[in-house]
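Here the structure is laid out as structure tokens; the discussion comes afterwards.
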Amino acid sequence: MKNFTAIDFETASGYRNSICQIGLVRVENGIITKEVNLLVQPPDNYYWSRFTDIHGIAAQDTANAPTFAQIWQQIAPYIENQNVIAHNGFGFDFPVLNKTLLHYSLLIPDYTKFCTYKIYRSNLANLCQEFNIPLNHHDALSDSRACEELWLRSLK
């Protein structure tokens, strides 16, 4: 399965509908064909400081960013009816996507979910160090690139 979308979300708070950054890497026949890196204004542009401490994104960074509802149609084709890969996807990214879609009264699409954490049983930072994969941890695009690389390695 060499056609897939690797995705990662950063959130502004502990609320699962608070996406503030989306990183997406589309792969066709094992080759990256598209990368998306978007800042997103979470509901009420509300942040918990400890989350800003983790990823470095703050309310001033997303004050003029679009809401998730405004960018959903841009990323939906990479998720709807696709194979979607995330690291800790079942524990974090897939529920975050679903809660955010529900928050904006958007339909949850059909897609096939895969999780590199379930394959490797280790956190992303440790795996990237082990396999010498570049990582700017908690940057959504960097995390999704690392996930894409781990998925392709798992296919070999």
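Every number in this text was worked out from the coordinates using simple rules, so none of it is lab data. What you are looking at is a predicted structure, and each value in this text was computed from that prediction instead of being measured. Here the Cβ is made from the backbone with ideal geometry for all residues, glycine too, and neighbour counts use every protein chain on show.
Points worth noting:
- Under Karplus coefficients 6.51, -1.76 and 1.60, residue-wise ³J(HN,Hα) of segment 28-41 in Hz, glycine/proline x: 10, 6, x, 10, 5, 10, 7, 10, 10, 9, 10, 7, 10, 7
- Asn136/Asp110 FRET efficiency (R0 30 Å; Cβ-Cβ; nearest 0.05): 0.40
- Leading residue at positive end of dipole, segment 43-117 (Cβ point charges), from Ile54, Phe114, Ile75: Phe114
- Each residue of segment 3-13 was assigned a 3J(HN,Hα) from its phi angle through the Karplus curve 6.51 cos²θ - 1.76 cosθ + 1.60 (θ = phi - 60°); the sequence is 10, 6, 10, 8, 9, 8, 10, 10, 10, 7, 7 Hz, with glycine and proline shown as x.
- Fraction of antiparallel bridges per DSSP, the chain only, in percent to nearest 5: 70
- Tensor-based shape of segment 1-64 (alpha-carbon gyration tensor, a/c under 1.5 rounded, otherwise prolate or oblate): prolate
- Amide H to amide H distances under 5 Å link Thr67 with Gln41, where only residues 5 or more positions off or on other chains count and H is placed in the peptide plane.
- Globularity index of the chain, i.e. its alpha-carbon radius of gyration over 2.2 N^0.38 Å: 0.98
- By the helix-only formula, in which each DSSP H run with n ≥ 4 contributes -39500 (n - 2.57) and the sum is divided by residues, the chain has a 222 nm mean residue ellipticity of -10000 deg cm²/dmol.
- Euclidean distance between Cα centres, segment 9-44 to segment 68-95, Å: 8
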